[in-house]
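Only one structure is covered here, and it is reproduced in the block below.
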Amino acid sequence: MKFFVDTADINEIRDLADTGLLDGVTTNPSLIAKSGKPFIPLIEEICAVVEGPVSAEVAATDYETMIKEGRKLAKIAHNVAVKVPLTPAGLKVCKELTDAGTMVNVTLCFSPAQGILAAKAGATFVSPFVGRLDDIGNDGLTLIRDLVTIYENYPHFQTEVLVASVRNPMHIIESAKMGAHVATCPPDVIRSLYKHPLTDKGLAQFVEDWKKTGQSIL
Ligand code: G3P
């Protein structure tokens, strides 16, 4: 399973890239607004830090403006994945950009039917929002299972399921069990994956016992 970080905070991105476990980055207009930085230079900076796909989302909702924005974003760096909404205009842009060799992430996917459309439009990634479905009393993970199953039934679909709106480690673990290709997670959720009290306890004991030996490895 690939890990993307869902943030536009360059310091967080640098810190997580340094772990060697980061495969990409996703941003959205809300995260860009939170960063307080100008969009295009920020995406350029992120693309220089992370080798994998960096999602940069269009701002327009009409086809004509969206395609222009998408082409401009695609020129920022070779690893930009243009993010478009799951709308008729967004999928039209998706088809055109993927045909031209640009990676596209189709976002705001909330149903298996929408996921089928994204795959037919040739999306590189589809972003189902698990947390937001949970928030309204649905089971977000059921959507992940449905999308993985559907895509497996049609090997010519090359679209990867990119689990988004991840709120906790169980979203990641369950998605991994289902075979989702990617999870994009807030930085704190990625860091929480390392934690287990028995690891801390066990390590403290090993350190203490090693001291008793009076030895040094180096
Ligand atoms: O980037 C899309 C998605 O991950 C947003 O998550 O927490 O705003 O629902 P959230």
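The values are calculated or read from the model by the stated rules, or taken from the named source; none is laboratory data. Everything quoted here is computed from the prediction, not taken from an experiment. Note that we place each Cβ from the backbone using ideal geometry, even for glycine, and neighbour counts take in every protein chain shown. Side chains are part of the model used for accessible areas, which takes the heavy atoms of the whole protein and leaves out ligands, DNA and RNA. Shrake-Rupley method; radii C 1.70, N 1.55, O 1.52, S 1.80 Å.
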**OP:** Taking just the C-alpha trace of region 152-218, give me its Rg and Dmax in Å.
**Re:** 19.6, 61
**OP:** Please report the relative contact order for the chain, taking Cα pairs under 8 Å with a sequence separation of at least 6, and give it as a percent rounded to a whole number.
**Re:** 17
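Once a ≥ b ≥ c are taken as the square roots of the eigenvalues of the Cα gyration tensor of the chain, is the result rounded (a/c under 1.5), prolate (a/b larger than b/c) or oblate (a/b not larger than b/c)? Intermediate values should be presented prior to the final figure.
Numbers: a/c = 2.38, a/b = 1.62, b/c = 1.46.
Prolate, because a/c is 1.5 or more and a/b exceeds b/c.
Calculate the dipole size of region 1-159 relative to its Cα centre from +1 charges on Lys and Arg beta carbons and -1 charges on Asp and Glu beta carbons; express the result in debye to the nearest 20. Each step should come with its number before you reach the end.
Working: 14 positive and 20 negative charges, 94 e Å.
With only Lys, Arg, Asp and Glu charged at Cβ, the dipole is about 460 debye.
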Original post:
Where the convex hull is taken over the Cα atoms of region 110-159, what is its projected area averaged over directions, in nm²?
Top reply: 3.0
Subject >> Rounded to whole Hz, the Karplus (6.51, -1.76, 1.60) HN-Hα couplings of region 132-143, x for glycine and proline >> reply: 5, 6, 4, 4, 9, x, 8, 9, x, 5, 4, 5
Original post:
Can you list the aspartates and glutamates whose alpha carbon is less than 13 Å from that of LYS120, not counting same-chain residues fewer than 8 positions off?
Top reply: GLU96, ASP99, GLU160
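Given the pairs LYS68/LYS95; LYS2/LYS34; LYS83/LYS177, which are separated by over 23 angstrom at their Cα positions?
As for pairs spanning more than 23 Å Cα to Cα, those are LYS2/LYS34; LYS83/LYS177.
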**OP:** May I ask for the distance between the Cα centers of region 150-218 and region 45-63, given as a whole number of Å?
**Re:** 25
Subject >> Per-peptide average of other Cβ atoms within 10 Å, ordering 209-216, 11-18, 40-47 highest first >> reply: 40-47, 11-18, 209-216
Original post:
Over region 2-208, what percent of the accessible surface lies on carbon and sulfur atoms, probe 1.4 Å?
Top reply: 57
Original post:
What share of all Cα pairs of region 83-205, in percent, falls into each consecutive 5 Å distance bin?
Top reply: 2, 12, 21, 20, 17, 11, 7, 4, 3, 2, 1, 0
Subject >> Solvent-accessible area per residue for region 1-135 (1.4 angstrom probe, square angstrom) >> reply: 45
**OP:** Pick out, from THR107, GLY179, THR142, the residue whose Cα sits farthest towards the positive end of the charge dipole of region 59-200, with +1 on the Cβ of Lys and Arg and -1 on the Cβ of Asp and Glu.
**Re:** THR107
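Of HIS181, HIS196, HIS171, which has the most accessible area with a 1.4 Å probe, and how do the rest follow in descending order?
Descending order: HIS196, HIS181, HIS171.
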Original post:
Taking 0.36 nm per residue of separation and subtracting the Cα-Cα distance, what length does fully extending LYS95 through ASN79 add?
Top reply: 4.0 nm
Original post:
If r is the Cβ-Cβ distance from ASP209 to ASN153 and R0 is 45 Å, what FRET efficiency results, to the nearest 0.05?
Top reply: 0.25
**OP:** Pop a pseudo-label 7 angstrom from the Cα along the beta-carbon direction at both TYR63 and ILE40 and give the gap in nm to one decimal.
**Re:** 2.6
Subject >> Length-normalised contact order of region 57-112 in % [C-alpha pairs under 8 Å, at least 6 apart] >> reply: 34
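If each DSSP helix of 4+ residues adds -39,500 (n - 2.57) and the sum is divided by the residues in the chain, what number results at 222 nm, nearest 500 deg cm²/dmol? Intermediate results must be reported in sequence, preceding the final value.
Working: 11 runs with 112 residues, N = 218.
That comes out to -15000 deg cm²/dmol.
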Subject >> Rounded to the nearest 10 Å², the accessible area of PHE39 at probe 1.4 Å >> reply: 60
